[in-house]
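Some notes on the structure that comes next.
None of the figures in this text is laboratory data; all of them are computed from the coordinates on show. The model shown is predicted, which means the values in this text are computed figures rather than measured ones. Every residue, glycine among them, receives a Cβ derived from its backbone with ideal geometry; neighbour counts consider all protein chains shown.
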Amino acid sequence: MTKKSFIFIIFALSLIFFSPAKAQEPTVKKKAVYFYSATCAHCEKVDSYFQAVNIYNTYDIEKIEASGPYNMAYFNKFLDAFSVPADKRGFPVIFFQDKMILGDEPIINNFVSEIEKVEAVEAPTPEKVSEMLNVEQKTSKPLVADVSLIVLIWAALVDAINPCAFAVLILLVATVISAKGRRGGLYSGLLFSLAIFVSYFLMGLGLYKAMGFFNLPKIFSFVIGGIAILIGIANLKDFFWYGRGFVMEVPFSWRPKMQAIIRNVTSPMGALGAGFLVSLFLLPCTSGPYIVILGLLAQKENLGHTIWMLFVYNLIFILPMVIITISMYLGVRAKGLENWRQKNIRLLHLVAGAIMLFIGGYLIYNWL
């Protein structure tokens, strides 16, 4: 072996042993976000399929159980980005890159083939999806809010024209006027209305938070729609057969106690306290429409928007109380107002019944 050949062999071996080995590039899993409900049978079907074919190990999937208003709000942001109508939203649904698959069978049949067509190297977010789809973030969220606001206004009007609330206020303001004069009656009526507003607002917020723990969109909407229809039928019963059986007002057996509380009020501050107590008596005859609205808000809205919606609802609810208070301050007699209430009590129940039947039918129709 010549000296040159020996040097060449040594050089070649040094290249083999001392050259840096090419690092094996780690496999990057494609990413997806999967929303499901712990009580959804369709979601269980998808989860079983994912485990059976090792989907969770093959892909980087972020699982989000969308119970409560906060995860639900995040879920709705994704659907807003894809312009999914309010009545088409549900579980299970999976997002990756700028794609969405909704429903158990579509996910089982199409997820693997669809995610393999795209890069999906980043976890999707509503903002990224909107940017990729070149869709403004307005999409369907305003539509949901607008529809909810329309239903909310009608339901609040049903509460607002409830005759038992009118009777309580007329008696209270008349009692204080006789003791303290018109100015005292004005302050008492306004503070009483304020107490009712605060009580119902806080009760509504508490019920909303409680409802947020349940996540049965379709079933719950049917239940809410059914409740609205039952309330409507009960009010129609009071139009045709008022006084027979139960009434959609304060139960007759409760009225003497409530009237005793009112008759003992002789000052504006007493009216404020009475308002908080009387709100408990009024709750059975005014909670129906409120429950319907709270059920809708718990499914579709975030906390900030719900606070605003509850404010609007309760403002509409106490508006007739404020009007009656001002009317009595300006000289309208309590007897005249009470006669008007008694004369139109059946008509008020007819209007309330028709509105609640419409709301119930609307809610059920949207889920069919």
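Please tell me which of these pairs span more than 31 angstrom C-alpha to C-alpha: LYS77/LYS237; LYS209/LYS343; LYS30/LYS209; LYS29/LYS209; LYS209/LYS237; LYS29/LYS77?
Working: LYS77/LYS237 42 Å; LYS209/LYS343 40 Å; LYS30/LYS209 36 Å; LYS29/LYS209 37 Å; LYS209/LYS237 33 Å; LYS29/LYS77 25 Å.
With Cα atoms farther than 31 Å apart: LYS77/LYS237; LYS209/LYS343; LYS30/LYS209; LYS29/LYS209; LYS209/LYS237.
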Worksheet item: At what distance in nm do the modelled label points of THR125 and ALA210 sit from each other, each positioned 7 Å from its Cα along Cα→Cβ?
Response: 3.6
Worksheet item: By its C-alpha gyration tensor, with a ≥ b ≥ c as the square roots of the eigenvalues, how is the stretch 31-139 shaped: rounded for a/c under 1.5, else prolate for a/b larger than b/c, else oblate?
Response: oblate
Practice prompt. Would you grab the residues whose amide H sits under 5 Å from the one on GLU62? Only those 5+ places off in sequence or on another chain, please, with H modelled 1.01 Å from N.
Written response: ALA32, VAL33, TYR34
